[in-house]
Amino acid sequence: MKLLALLLVASVGCAGIWAQNKGSQKNARDGAKSSATQQTTGARKTSATPSPADFAIERGARWLASVQGGDGGWGQDAGDPSYVRKNVPLESNGNDVGNTAIAALALLRAGSQYRPNVERAVGFVLQRVEASPADGLSITDAKQQTQVERKLGPFIDTFVASMLLAQVDGTFPKLNARIRSGLQKCVAKIEKNQTTDGSWNTGGGWAPILGTSLASRSLYMAQQKGVAINMDVMARADDYTLKGQKDRTAAPSAPGDRSLLALQPGIASAESATVVAGSAGVALYQDAQALEQLSRTQESREKNAKEIAAINGRLADPKFVEGFGSIGGEEFFSYLNIGDSLRRSNGKEWGDWHSKIAAKILKLQNDDGTWAGQHCITGRVAVTSAAILNLTTDIVD
């Protein structure tokens, strides 16, 4: 009897261990499945012990979600008029496509809890895209330019809308057909309106080359989702970028120089300068655009290794990384281009860059969880969104 009892105890113990191991294996599989799902959708994964960056991201994302407008959109300073600061002069009133798309991209990265906010934002963007004419680059009929349009070019709304629609394509069942149709419409607009030099530096703006970067990137993202892209357009964009880098080599700017070309006589600051020949106002912006475009695939990284190495060398200079000299929205978007580019190769340059820029961005966060630029693009919505995107460049979209 004692022997039988011992055998029963042993069998129960083994069964318990087997069940525990089976449960652990299931949990591991579920965890892996969850991780894979997060990576597919771009949702942020947080560690067991949240880092300062995790806290900062969540504070910024909560603020964005809390000030979203009833129409699903955001403007320069908020989406709900009650959250707009009365003592801050604004370029425009009301919500717009550019700020809305940028905010939605940030909330996509911040976590799945913001999915309802993103869906409402996508609805806002789709209404404007669908109502826009088939010809021309514009998807908005707003008479007054927004801050991001004035700085990155009047068609930045189209570029970031296309990026957002490419990102969410296939992820919102109720909107999927509209999303794909809207994405194809944006792609057609972008392709048809490329300038003869291969860029989209058109219509003015302080740093239109960042707009060109987002235009080209939106086409690449659409292609990744299976949308047919005119490869001649992509080739011309690559030629434009390579030519710009060769021109840099022929007549390099001094480290930290605010302008690729001398400011026009009588103009005291780069903020009010007319950008010559569609050039970015600051050397950092051009290199950020080039690095993102030239590093999208392993093949392109090998082909453009010389240009990439030259850019990485300049990024080692703190003065060069400062861009204009203070941190505005243009710097945040440039840092995002650089971070996403370096992340693709996942080498030492990526680790060093991410640590350095994350530390810089964390120091700039305001008490209410927002970020605001120190020059040019200063609006809380665009800059807070760009800060979140920078801090989450470790996410695999």
Item to check | Residue-by-residue Karplus 3J(HN,Hα) for region 208-217, coefficients 6.51, -1.76, 1.60, Hz, glycine and proline x | outcome: x, 5, 5, x, 4, 4, 6, 4, 5, 5
Next on the checklist: Taking the Cα of ASP368, stepping 7 Å toward and past its beta carbon, and measuring to each backbone N in region 50-81: which are under 16 Å?
Outcome noted: 59-69, 74-81
Checklist entry - So, counting K/R as plus one and D/E as minus one, what does the shell of residues with Cβ under 10 Å around LEU165 add up to? => result +3
Checklist entry - For the pair ALA235 and ALA359, how long in nm is the line joining their label points, each one 7 Å along Cα→Cβ? => result 4.5 nm
Checklist outcome for this item: Distance in nm between GLN223 and LYS303 label points, each 7 Å along Cα→Cβ, equals 0.9 nm
Next on the checklist: Just want to confirm a number: the relative contact order over region 96-168, from Cα pairs under 8 angstrom separated by 6+ residues, in percent.
Outcome noted: 39 percent
Item to check | Zone of ARG344's modelled label, taken as backbone nitrogen in region 205-234 under 11 Å from a point 7 Å along Cα→Cβ | outcome: 217, 220-221
Checklist entry - So what J values fall out for region 355-367 if you push phi through Karplus, 6.51 cos²θ - 1.76 cosθ + 1.60 with θ = phi - 60°, rounded to Hz, Gly and Pro as x? => result 4, 5, 6, 4, 4, 5, 5, 4, 5, 8, 5, 7, 4
Next on the checklist: Classify region 310-397 from the C-alpha gyration tensor, please: rounded if a/c falls under 1.5, else prolate or oblate depending on whether a/b exceeds b/c.
Outcome noted: oblate
Checklist entry - How would you classify region 77-188 from its alpha-carbon gyration tensor, with a ≥ b ≥ c the square roots of the eigenvalues: rounded for a/c under 1.5, else prolate if a/b is greater than b/c, otherwise oblate? => result oblate
Checklist entry - With each label point set 7 Å from Cα along the Cα-Cβ vector, what nm distance links ASN176 and ASP247? => result 4.4 nm
Checklist entry - Once amide H atoms are placed 1.01 Å from N in the peptide plane, what residues at a sequence separation of 5 or more from ASP96, or on another chain, have their amide H within under 5 Å of its amide H? => result TRP74, GLY75
Next on the checklist: Order 239-248, 159-168 from most to least packed using the mean count of other Cβ atoms within 10 Å.
Outcome noted: 159-168, 239-248
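We did not get these values from a lab; they are worked out from the coordinates using the rules stated. Only a predicted model underlies this, so the values are computations on that prediction, with no experimental measurement involved. With ideal geometry, Cβ positions are generated from the backbone for all residues, glycine too; neighbour counts draw on all protein chains shown.
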